[in-house]
Amino acid sequence: MADEVVERVTVAVGPEVVFRAVADVRRMARWSPECFAAWVLTRSEGLPGRFVGFNRRGAYVWFTTCRVVAAEPGAEFAFDVTTFGMPVARWGFRFAEGAGGGTEVTQYWIDRRARGAMVLGRIFTGKVAGARPAANRDGMRTTLARLKRELEGGA
């Protein structure tokens, strides 16, 4: 089975607010330690359909092509990532009512890399295949903490 990494945070705003924030993929550069830009290629009903993500980790820089596969306001936003036509991952966010109010935000990453994408990943990101889940978990924790801070007014 593919690797899957999940991280959660509770944010003191409603799920619609969180959905609008993460569905504006250009904002990801404000939260993610790897993403520094996103270029939206197509839109549907005001939401991105396809976009290019530009990423950096240390001296390594790479881009990915992304296609939105779930865009349910207040419930889920997810996209599939490819590089040079090869599947890489599915990234997503799910939203649910938090135990003490607010919204529980679950960010997830599902590894979809075949051998070719793993080789390219090593070249472009400097991470061996087995190190990517741990690197993504660290990045997700940072992303969610920054998202929380911004949405709760602490940006």
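Just so you know, all these numbers are worked out from the coordinates, no wet-lab data involved. In this text, all values refer to a predicted model and were calculated from it rather than measured experimentally. Because the Cβ atoms are built from the backbone with ideal geometry, glycine has one as well, and the counts that use them run over all protein chains shown.
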(message) From Cα pairs below 8 angstrom and at least 6 apart in sequence, can you work out the relative contact order of the chain, rounded to a whole percent?
(response) 29
(request) Give the peptides 139-150, 57-68 in descending order of average Cβ contacts within 10 Å, highest first. (result) 139-150, 57-68
(message) How large is the Rg to Rh ratio of region 38-83 when both quantities use alpha carbon positions and Rh follows Kirkwood?
(response) 1.05
(request) Could you calculate, for the chain, the ratio of the Cα radius of gyration to the Kirkwood radius, expressed as Rg to Rh? (result) 0.95
(message) Given a Förster distance of 22 Å, report the FRET efficiency between Phe54 and Ala114 from their Cβ-Cβ distance, rounded to the nearest 0.05.
(response) 0.45
(message) Take Val13 and Glu97, extend 7 Å from each Cα along the Cα→Cβ direction, and tell me the distance between the two endpoints in nm.
(response) 2.1
